Structure formats: structure tokens, C-alpha cells
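Step one of this worksheet: look at the structure below.
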């Protein structure tokens with residue numbers, strides 16, 4: 001158990017809908033990262049927040065957005081969902097802000113878009 | 001743009017044998033990570049390699065980093081069935097981790 005929690009574990013929804021994925025980092029970690037894992041794209045970095053501020057951005061679609069709240073939990077919002085958004089979404093956390101520290105991954109949220 | 005290539009992508013091993021997974025990357029970086037993922041599960045951190053020549057060992061796994069050659073290796077010694085999983089290397093570059101495609105390891109008895 002990495003100490004990172006994610007909810008929900010599974011999410012099934014329809015195209016065009018909007019969902020919110022939630023992540024709580026390990027106690028004391030200030031950085032939160034979001035990743036998408038799919039069969040065709042592999043593991044891709046989406047976005048990083050450090051202590052409430054966006055720190056780095058990867059291959060995140062404009063339909064996706066994220067934020068980190070004062071209590072350090074983070075939410076990833078996915079809107080206008082398409083079939084291709086079906087994937088495993090991981091959250092990771094680390095103590096450092098630069099992204100270079102060891103990242104600990106949560107259990108993931110499996111999103112299925114029908 | 002950084003490219004991270006792992007090979008092989010699939011490895012079927014006999015128990016008790018040794019083998020090496022290779023991770024090549026295209027741009028200078030001195031931080032490399034190895035992760036393990038079991039089917040349907042999360043990623044488990046195995047090794048953090050932070051400098052040229054770094055070598056770390058845990059049980060039957062040993063990882064090394066050669067930043068000049070832009071190469072990391074994950075060596076498996078006397079494989080056992082419990083090592084069956086997918087192994088990812090990830091390179092730190094541009095404030096983010098860039099992952100390889102993963103190596104699916106199957107250890108057969």
C-alpha cells in the first residue's frame with residue numbers, strides 16, 4: 001500500500017458525459033501527478049500540481065482539467081468523454097516539487113466510456 | 001522530445017535462469033526509475049537511480065545506470081515465478097517522468 005488513495009476504483013459512463021476522479025496523496029507529500037494508462041498510448045503523464053499550483057503539464061487534452069485543493073487532495077475532471085478516453089487513470093504523489101523525487105502511485109481508477 | 005525504449009517488450013523465462021531488460025533513452029538525464037506492475041494493479045517503485053554508475057540491488061533484481069550511454073539495465077538473477085509482472089523504466093526529463101512501453105515478464109516453471 002503506497003499511501004496514495006484514489007476514488008472511485010471503477011467508473012462506467014457514456015460518451016459526452018463528465019466525470020471527476022479524486023486523489024489523496026501520501027501524508028506529507030505536496031506534489032500530485034496524474035497519469036493515463038491505455039493499451040495504445042502506454043503510460044502518459046498528464047499534469048502535476050505542487051502545493052496547489054500547477055507545476056508541469058504533459059499530454060493533457062483540453063477537455064481534461066485538474067486542480068489541487070488546500071488540503072492537498074486533487075481532482076481530475078474529464079468532460080465530453082469519448083470512447084478513446086477509456087483507460088486506467090493513476091495518481092501519484094511525491095514529497096518534492098520538481099518532479100524528480102520518487103513517485104508513489106495510487107491504485108488507479110478504471111474508466112470505461114460506452 | 002525524449003524517447004524511452006525498452007527491450008525486449010516480452011520475455012518468457014525459465015525459472016532459475018538469468019536475463020537482462022534494457023532501457024535506452026534519447027536525451028541526457030541523470031534520473032531513472034524502475035517500476036513493477038502486476039496485472040490490473042498499480043505501479044510499485046523498485047529502484048531510483050540518481051547518478052552515472054549507480055547500481056542498486058533488491059533480492060533477485062539489480063538495476064544500473066550509465067548516463068553516458070543513456071542506458072539502464074534491470075538484471076534478473078535465478079528467476080522465480082513471483083517475478084512475473086510488467087516492468088517499466090521511466091526517465092525524468094522536462095519536469096516529468098517519461099515511461100517506456102514496459103517489458104512483460106513471464107517466468108515458467
(request) Could you calculate the FRET efficiency of residue B:80 with residue A:65 from 1/(1 + (r/R0)^6), where r is the beta carbon distance between them and R0 is 35 Å, rounded to 0.05? (result) 0.20
(message) Let me make sure I get this right: for region A:74-114, a, b and c are the square roots of the gyration tensor eigenvalues over alpha carbons, sorted descending. Under 1.5 in a/c it's rounded, otherwise prolate if a/b > b/c, else oblate. Which is it?
(response) prolate
(request) Quantify how strongly other chains surround peptide B:30-40 by giving the mean number of their Cβ atoms within 10 Å of each of its Cβ atoms. (result) 2
(request) Report Rg (one decimal) and Dmax (nearest whole number) for the protein assembly as shown, counting Cα atoms only, units Å. (result) 17.5, 51
(request) Compute the Rg to Rh ratio over region A:35-114 from the alpha carbon atoms, using the Kirkwood formula for Rh, and round to two decimal places. (result) 0.95
(message) Students often get this wrong: which residues of region B:72-109 have the backbone nitrogen under 16 Å from the point 7 angstrom along Cα-to-C-beta of residue B:15?
(response) B:77-85, B:106-109
(message) Report the Cα centroid-to-centroid distance between region B:49-107 and region A:32-57 in angstrom, as an integer.
(response) 21
(message) Using only the alpha carbons of chain B, what is the convex hull's orientation-averaged projected area in square nanometres?
(response) 6.3
(request) At 0.36 nm per residue, minus the direct Cα-Cα distance, what do residue A:57 and residue A:95 gain on full extension? Give it in nm, one decimal, please. (result) 11.9 nm
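Values in this text are rule-based calculations from the coordinates and carry no lab data. Nothing here was measured: the structure is a model prediction, and the numbers come from that model. All Cβ positions, glycine included, derive from the backbone under ideal geometry; neighbour counts span all protein chains shown.
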